[in-house]
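The values are calculated or read from the model by the stated rules, or taken from the named source; none is laboratory data. The structure displayed is predicted, hence computed values, not measured ones. All Cβ positions, even for glycine, are placed from backbone atoms using ideal geometry, and neighbour counts span all protein chains on display. Surface areas here come from the heavy atoms of the whole protein model, side chains and all, with no ligands, DNA or RNA. Shrake-Rupley method; radii C 1.70, N 1.55, O 1.52, S 1.80 Å.
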Amino acid sequence: MNTSEVVRSVSAWPRFLHVAAVAVIYYAAARLGLTLQLPDTNASPVWPPSGIGFAAVMLAGYRVWPGIAIGAFLANLHTLPSTAAGFATSCGICVGNTLEPVVGLFVLRRLVSVRNPLERARNVFRFVAAATAGCLIASTNGATNLWAWEIIPSALYRQAWLTWCLGDMAGLLILAPVIFMLFQKSDFDWTRSRTLEAVALFALLAAATQFLFGDYRDWIDLELMDSLAYAVVPGLAWAAFRFGPRETALAAALVSAVAIVNTSNESGPFYPQPARISSQQLRPTHALSATVASDFKQRLRAESLLMLQIFVLAIAITAAILAGAVTERNRSEQALRDLNATLELRVVERTAELNQANAALERSNQELDDFAYIASHDLKEPLRGINTYSGYLLEDYGDKLDAEGQSKLNTLQRLTRRMESLIESLLTYSRVGQTELAVQDTNLSEVLAEILDSLVVVLQERGVEIRIPQPLPILYCDRVRVGEVFRNLITNAMKYNESPEKWIEIGFCNGSAGDGDSGGNGALTKGSPTVFHVRDNGIGIREKHLNSVFKMFKRLNARDQYGGGTGVGLTIVKKIVERHGGRIWLESTFGEGTTFFFTLQQGPSDATSS
């Protein structure tokens, strides 16, 4: 369950049960912690109740503070002298013990916005800072009360304060994460292999810590053993990388517990061994009384427990930071994987939508082409009939009709011929979309020569000069369709030209070489972008009409001006070019001329033109 569910379930209990439970657990832990207290200080190197109290307020909120106060008061009252000073000291100390988790949680909530501060490395640092704030209050308050009521002498104040502060921090940083994380949901499933791995991890950690802190110096006499206390850190890293903050906190608590028990029993790297202490330092003589020897041993024990505090704090903080950093990294990676999966799914969905849209568009275009072909083919027959019968009426009954009647019949014939021309253009356009391209190696110079030969009479009548700077290349394309492109563009250039000296230029260039000459031999490198152009010095096109010249049935001049036309020619040209994978565009200056450019992407042949 998550933290919010824990809070809701806890709130269902009667409040006095919360307080009673916290008081009993806190008192029991305090009695355990006081068994390690330093002589004449009432301060313990490791104070488990601090972790229990902090975890209690993290899970259940501030309302459990009376349980902490009651447990702390009873524990200290049981330990301190049964005097008025002892009673007063117990009251004062319980205030500090209560403020410790309350102030710590207050600071933590100001520093960390999330409910669980142990799942990100930077939040772990803030958790340690909040815990330190609470521990400073408790240690200062406790040591001051002990000194004020003359429970300890002034000479022991500094030692009591330091031991108290470090002990509270050790207990808080070890137990609070364990208790809090036990109520958090795990990020992974406990499979059989993972369970076996966890059992192996904790067994090895317990064995390794016992070996490092146990009393085995009789058969292992190595000074190196004293510097191997921190060899358990790789085991904590194993827990952090393979499991999570909960398991890592449990591993740190296990290591700390084994180290504390062994050090309290005067063994381990933090407790000086007899072989390193002279017999004169341990055995009372005329120069060293029994009382002094006892004091010396107590000092050794105090120093060993202080070193133990530093070890426990280092282990707890290192384990929490490792677990937080690894958890943050794992969740970031999981979020990235989820994002990638979402993006891949969206790409697949979008691709499917585009494929459906393209299929629908192709189907719609095909249906339009089919409709245009069928409609134009079927409409031509009745138009021919109207035109034919109009001619019959003029021939057979022309002398019986007045001038207005004959004019109307002539208009009817002209309109039917125009309609037939429009339908023929529409039919041509639909055929361009329906029929497959008959692509082959095509000598465009030969195609151009055939077109000019068929237009030679009109060109001579209009006085148009044809300019071909260099032979056109051999291109892999549809010979007939590309011929229609050149024919249409040349015809338009010829029609819309009023210059006294008319000329039309047909050429090409490599797309990477601009409008320059390609070498003059008509050969192109296979796959190079080829740009063809048809340039004239005709009437030109106004800039506002440049984007509309390729629209179907779009004419920029009067219907019968410049020889008339249906306005479909450039539309057909555009479709042929696009079916070859190319594009067409133009540049024009009104009154000076126009240049049409187009590309054909079917790819030029390796052969050269003749």
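Each peptide in 315-325, 99-109, 337-347, 388-398 gets a packing score, the mean of other Cβ atoms within 10 Å over its residues, and the list from highest to lowest is 315-325, 99-109, 388-398, 337-347. Taken over the range 1-185, the convex hull of the Cα atoms encloses 97 Å³ per residue. Annotation: amide H of V464 has no partner in the under-5 Å range at sequence separation 5 or more or interchain, hydrogens built in the peptide plane. Rounded to the nearest Hz, the phi-derived 3J(HN,Hα) couplings of the range 203-211 under the Karplus curve 6.51 cos²θ - 1.76 cosθ + 1.60 (θ = phi - 60°) are 5, 5, 5, 4, 5, 5, 5, 5, 5, where x marks glycine and proline. In this structure, the amide hydrogen of Y476, modeled 1.01 Å from its nitrogen in the peptide plane, lies closer than 5 angstrom to those of T442, G603, S605, counting only residues at least 5 positions away or on a different chain. Taking all protein chains together, H78, H545, H533 sort by accessible area into H78, H545, H533, largest first [probe 1.4 Å].
Note on surface exposure: C91, C135 rank C91, C135 by accessible area, highest first, 1.4 Å probe.
Each peptide among 356-364, 581-589, 21-29 gets the average number of other Cβ atoms lying within 10 Å of its residues, and from highest to lowest they stand as 21-29, 581-589, 356-364.
Other residues lying with their Cβ under 11 Å from the Cβ of E197 contribute a combined charge of +2, Lys and Arg counting +1, Asp and Glu -1. Roughly how many Å² of I541 are accessible to a 1.4 Å probe, to the nearest 10? That residue has around 20 Å² of solvent-accessible surface. Counting only protein heavy atoms and using a 1.4 Å probe, the accessible area of K551 comes to about 120 Å².
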